[in-house]
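K.L.:
Have a look at the structure that comes next, please.
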Amino acid sequence: MAKLARIELGDGEAESLSHEFDAILNYVGEVRDVTNDQQPTTNDYIVKNVLREDTNPHESSIYTEKILKQAPAREGNYIKVKKIL
Amino acid sequence: MTPQDLRSKDKDIHAFLEVFDDAKSYGQGPLSGKTIAIKDNMLMEGKRATAGSKILESFISPYDSTAIKKLKEAGAIIVGRTNMDEFAMGSSTENSAYGVTRNPHDRERVAGGSSGGSAAAVASGLCDMALGSDTGGSIRQPASFCGVVGLKPTYGRVSRYGLIAMASSLDQIGSFTKTVTGAELIYNVLKGQDPMDSTTITENTYPMKKKFSKIIGIPREFVESEGVSASVKKNFEGSVEKFKSLGYEIKDIELSHIKYSLAAYYIIMPAEVSSNLARFDGVKYGMHKDGKDSIDDFFQTRGSGFGKEVRRRIILGTYVLSSGYHDEYYGSAVKMKNLITEELKEVFKEVDLILTPTTPSPAWKMGEKSKDPLEMYLGDIFTVHANISGCPAVSLPSGLDGALPLGIELTAWLGREDNLFAAGKEFLGE
C-alpha cells in the first residue's frame, strides 16, 4: 500500500501500521455489515458535478512567474524533473 | 495590540505560527476594526501557508483564497496564521510539524484540533475572531475545549477556493468567536456562491420552508454512548434544563444510523485524503527530497515531508480504495452517508435542532492519546454526523469541569444556520 501511495516508510513502521490498521478496519467494517442488504439510495443532497463552459480564460501568462517561483527546480518557463524514460 | 505584544502573549500558548508585522485594514465594512487570525491552511497572497506540514514549509501563497478576500473587503485586520494538525488531520494539534498549541485554561492540556491554534487565539483574547476549517469536528471540538463559539456552516455555504483540501466532500470553512452574534456577523461576510468553487450553494439551494418553533430533539441513546464522561453528561442535562427554562420543547428522538457516522467518516475521509494529497510530489511546489531516480524522488519527498498521521491516513485511504476492497469499504460508507442524511431529513421535519454534547470529555493532557490512533478518532463521535450529512452545527460554551470548558452542540437541517443563531443567542443570553 505504501508503494502504491508513493511513500517511503521508516524501519518497523510498516509493521506498526499494519497492527493499527487491523483495529481501525475492524471498527470501520461495521458499516459494511449494516449496509450489506441495503440498495444504494439516492437523495436530493448528493454532491453533483457542476460544469461550466470552457470560455473566458484569464490573460495568458499573468500567473506563470508566481507559480513557477514555487517550483523546487525550473529551467526557463519549465518545471525541471529527472529523466523519466 | 502590536505584533510584538501578540507574540509575547502567545509565547506559552503557541496559538500562532506567524504573527504578521504588516497587519492592516484593507477596507471599510462590517468587520472594520476586528482582528482576525486565520488557520494555516488558507491562502493569503504573499504569505506562507504550510497546513502545519514540513512539506509546505517554504510555500508562499500566489493568490488570496475567497474567504480571505472577503475578510479583507469587509475591513478585517488579519493578524496572523494559526497552528493546526498537519493537513487538518488530528484532534489536538499534536500532529503539527511546528509544535503543540496549549490550552489557555490549562497549559498541560491540548487546545483540541485540528483548528486548535485558532480556538486558543480567540479564547486567550489574542484576536477578536478566527477562521478554521471543519472536516469531522475540527472547529467545534477545539471551540468546546477552549470555551468559545465554533460554527461549521452548511456544506457549500462558504467557498473553499484557496483552502488546502483534506477531504473534499466534507471540508467546510467556519469561525471561532466569543459570541453567537459574532459568529453570525462573520458568517454573513463569508457565505455565498463562488464561481471558483463549484460546490458552493445559493440562498435557494435549500429553501427555508419550516418556521422556527423552538423544538429541540435529543438522540438519547446516542448521547448516552459508552465513553462519555460523567462531567459531560451532567453538564449536558443542565443545558437541557436551561433550554426548557427558555421555553424550548425537548423531544426524545430516535436516530438509528447516526452511531455509524464515525465509521463511515473514517473510510470516506482517508479515501479522499489519499487522493487529495497525491499532489504533493516535490515537483510543482513545496519540499523536494532527492532520490535515486524520478519515482524515488516521490518516495523520498513524501516519506520525509509528511508526518506520521498523514502517512497513516494516506495509506489507509489507498487501502480502502484499492481494487477488490473499494465496494466493501468505500461503497458501503457512501451508502451509510445517504442513510444518515435521509434519517436526519425525517427527524428535522419534527424538530428544529438536535442537541448533543460537542465532545465525550473535556480537553485531555498532552500525549495522553497520541499512542492509540483509534482512541483519538473516537473523540469525534458527536461531531462527524454534521460533515457526513452536510448539516450546519455550532458548539456553544456550556460551563466548566473544574477549570476546563465544556461545550454543547446544536445541529440544524441543511441551510438552517438561522436556527443555530436564534437558539445559540438565547442560550448564551445575547
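FYI, it's all coordinate maths here, none of it is from the lab. Given the structure is predicted, the values throughout are model-derived calculations rather than measurements. Virtual Cβ from ideal backbone geometry, glycine too; neighbours counted across all protein chains shown.
K.L.:
Just tell me how shielded B:303-316 is by partners: mean number of partner chain Cβ atoms within 10 Å of each residue's Cβ, no decimals. Write down the numbers at each step before the final one.
P.N.:
Values: counts 8, 3, 1, 2, 0, 4, 0, 1, 8, 6, 1, 6, 12, 8.
Per-residue shielding by partner chains comes out at 4.
K.L.:
Of the residues B:158, B:273, B:283, which exhibits the maximal mean-square fluctuation in a Gaussian network model of chain B defined by a 10 Å Cα contact cut-off?
P.N.:
B:283
K.L.:
Let me check against my output: what whole-number percent is the relative contact order of segment B:275-430, with C-alpha pairs under 8 Å and at least 6 apart?
P.N.:
Values: 152 pairs, mean separation 26.7, N = 156.
Once divided by the residue count of segment B:275-430, the mean separation gives 17 percent.
K.L.:
When chain B is treated as a GNM, springs tying every alpha-carbon pair under 10 Å, which of B:168, B:304, B:115 comes out with the largest mean-square fluctuation?
P.N.:
Looking only at B:168, B:304, B:115, the largest GNM fluctuation is found for B:304.
K.L.:
What percent do you get for the relative contact order of chain B when only Cα pairs under 8 Å and 6+ apart count? Can you show the working numbers first?
P.N.:
Numbers: 1034 pairs, mean separation 78.9, N = 430.
Relative CO of chain B lands at 18 percent.
K.L.:
Right, something else. Check residue B:158: other-chain or 5+ apart residues with amide H under 5 Å from its amide H, H built from backbone geometry?
P.N.:
Answer set, sorted by chain and number: B:173.
K.L.:
Below 12 angstrom from the Cβ of residue B:315, what's the summed charge of the other residues (Lys, Arg +1; Asp, Glu -1)? Show your work: numbers first, answer last.
P.N.:
Numbers: positive: A:3, A:6, B:302, B:308, B:311, B:312, B:313; negative: A:8, A:13, A:20, B:309.
Cβ neighbours under 12 Å give a net charge of +3.
K.L.:
For a quick protection proxy, order the peptides B:207-214, B:19-26 by their average other-Cβ count within 10 Å, most packed first. Walk me through the intermediate numbers first.
P.N.:
On the way: B:207-214: 11.2, B:19-26: 14.6.
Per-residue Cβ counts within 10 Å, averaged per peptide and sorted highest first, yield B:19-26, B:207-214.
K.L.:
For the protein assembly as shown, what class follows from the C-alpha gyration tensor (a ≥ b ≥ c being the square roots of its eigenvalues): rounded when a/c is under 1.5, otherwise prolate if a/b is larger than b/c, else oblate? Don't skip to the answer; put the middle values down first.
P.N.:
Numbers: a/c = 1.44, a/b = 1.22, b/c = 1.19.
It is rounded, given that a/c, with a ≥ b ≥ c, falls under 1.5.
K.L.:
Then there's this: Divide by every residue of the protein assembly as shown the summed helix terms, -39500 (n - 2.57) for each DSSP H run of at least 4, and state the resulting mean residue ellipticity at 222 nm, rounded to the nearest 500 deg cm²/dmol.
P.N.:
On the way: 17 runs with 168 residues, N = 515.
Helix contribution divided over all residues of the protein assembly as shown: -9500 deg cm²/dmol.
K.L.:
Using all C-alpha to C-alpha distances in segment B:203-342, build P(r) with 10 Å bins and read off the rounded percent in each one.
P.N.:
Going out from 0 Å in 10 Å bins, segment B:203-342 shows 10, 23, 24, 21, 15, 7, 1 percent.
K.L.:
Classify segment B:136-260 as rounded, prolate or oblate from the Cα gyration tensor: take a ≥ b ≥ c as the square roots of its eigenvalues, call it rounded if a/c is under 1.5, otherwise prolate when a/b beats b/c and oblate if not. Don't skip to the end; give the middle numbers.
P.N.:
On the way: a/c = 1.73, a/b = 1.57, b/c = 1.10.
The shape class here is prolate.
K.L.:
Moving on. Measure nothing fancy, just the Cα-based angle from helix A:13-28's long axis to the longest principal axis of chain A, in degrees from 0 to 90, nearest 10.
P.N.:
60
K.L.:
Another one. Convert each backbone phi in segment B:80-88 into a coupling constant with the Karplus relation 6.51 cos²θ - 1.76 cosθ + 1.60 (shift: θ = phi - 60°), then list the ³J(HN,Hα) values in order as whole Hz, x for Gly and Pro.
P.N.:
Each residue of segment B:80-88 in turn: x, 9, 9, 5, 7, 4, 3, 6, 6 Hz.
K.L.:
Check which residues have an amide H placed less than 5 Å from residue B:17's amide H, if you skip close sequence neighbours.
P.N.:
B:81, B:82, B:83
K.L.:
Based on Cα coordinates alone, diagonalise the gyration tensor for segment B:19-85, multiply each eigenvalue by 5, take square roots, and list the semi-axes in whole Å, largest first.
P.N.:
Working: eigenvalues 95, 25, 19 Å².
Semi-axes from the Cα gyration tensor: 22, 11, 10 Å.
K.L.:
I'd like the mean, over residues of A:71-84, of how many other protein chain beta carbons sit within 10 Å of each residue's own Cβ. Let's see the in-between values first.
P.N.:
Details: counts 6, 12, 4, 0, 0, 0, 0, 0, 3, 1, 7, 9, 2, 3.
Neighbouring Cβ atoms belonging to other protein chains average 3 per residue here.
K.L.:
Across peptide B:250-260, how many C-beta atoms of other chains are within 10 Å of each residue C-beta, on average?
P.N.:
Working: counts 0, 0, 0, 0, 0, 0, 1, 3, 0, 2, 6.
So the per-residue partner count for this stretch is 1.
K.L.:
When a/c is below 1.5 the answer is rounded, else prolate if a/b is larger than b/c, else oblate, so apply that to chain A with a ≥ b ≥ c taken from the square roots of the Cα gyration tensor eigenvalues. Intermediate results must be reported in sequence, preceding the final value.
P.N.:
On the way: a/c = 4.03, a/b = 1.35, b/c = 2.98.
Oblate, since a/c reaches 1.5 and b/c is not below a/b.
K.L.:
Eigenvalues of the Cα gyration tensor times 5, then square-rooted: what semi-axes does that give for chain B, in whole angstrom, largest first? Before the final figure, lay out each step's value.
P.N.:
Working: eigenvalues 190, 133, 89 Å².
Ellipsoid half-lengths, sorted descending, are 31, 26, 21 Å.
K.L.:
Counting only other residues whose beta carbon sits under 10 Å from that of residue B:72, what net charge do I get with K and R as +1, D and E as -1?
P.N.:
Details: positive: B:24, B:69, B:70; negative: B:45, B:64, B:73.
Taking every other residue near residue B:72 into account, the sum is 0.
K.L.:
What residue among B:85, B:418, B:128 shows peak mean-square fluctuation when chain B is described by a Gaussian network model with Cα springs under 10 Å?
P.N.:
B:418
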